[in-house]
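What follows is one structure encoded as structure tokens, with my remarks underneath.
The values are calculated or read from the model by the stated rules, or taken from the named source; none is laboratory data. What you are looking at is a predicted structure, and each value in this text was computed from that prediction instead of being measured. All Cβ positions, glycine included, derive from the backbone under ideal geometry; neighbour counts span all protein chains shown.
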Amino acid sequence: MAYEQLTRGDLIRLLEQHDAERAEAGKDGIIMSYTGRTAPWQIIRQVKPKLTKIHQRASVGDAQAQGQNIIMDGENLSAMVTLYKYRGQIDLILTDPPYNTGEDFRYNDKWDKDPNDPDLGDVVPKEDGSRHSKWLRFMTPRIWMMRDMLKPGGVIAICIDHRELYRLRTPQWLGSAHRAALARLAARARCSVRLRST
């Protein structure tokens, strides 16, 4: 990181984040540090919002009612940046990040410098020793942005499996207030249904 290129405000924010992490680590001994970690707010600041428009054929009600509920399909970080004007007002965020199985998670190293790069990168295989670091670098700014979008009683629902679940419990991601409310719901990913004819 080139500290000399950061503004005074950015440097202060970076130091405050560092101090807060150290203080939190002193409480339970956990600190999140991994190769290539960039402060999440530095990445978020670079993301460009996407254009949004109301699809009349998929909408119900008058024009005013159509703007009250929004379903957005897209990459979750750019969606959160696009919806930033609703910060602190969101009731529910449902996100389905890659599970990091070695078959489904794609990562592009350029995203640390330019999160708007459209290249999805290569699939990160199970054998890649840095796959968890890459997943953390991918997820951290997204979780931070989602957390900031929620109203005080809001909920983030994350579809995830056992490979990365325990990382969601770290205080650097959810913060102490949100961490206490973390719950886990188990669901079967695959099931077979047998139909009997009577």
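How many residues are in a helix (DSSP H, G or I) and either modelled with pLDDT under 75 or surrounded by fewer than 15 Cβ atoms within 10 Å (Cβ to Cβ) (or both) when one looks only at region 1-47? Reasoning before the result, please.
Filtering region 1-47 for residues in a helix (DSSP H, G or I) gives 3-5, 8-28, 40-44.
Still in the running and either modelled with pLDDT under 75 or surrounded by fewer than 15 Cβ atoms within 10 Å (Cβ to Cβ) (or both): 3-5, 8-9, 11-12, 15-28, 40-44.
Summing the residues that are in a helix (DSSP H, G or I) and either modelled with pLDDT under 75 or surrounded by fewer than 15 Cβ atoms within 10 Å (Cβ to Cβ) (or both) in region 1-47 gives 26.
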For this session: Check Arg142, Arg131, Arg179, Arg163 and return the single one that is at pLDDT below 65 and basic (Lys, Arg).
Result: Arg179
Exercise. When region 58-110 is examined, which residues are found to be among the small types (Gly, Ala, Ser), within 21 Å of Ile160 (Cβ to Cβ) and at pLDDT 70 or above?
Worked result: Ser78, Ala79
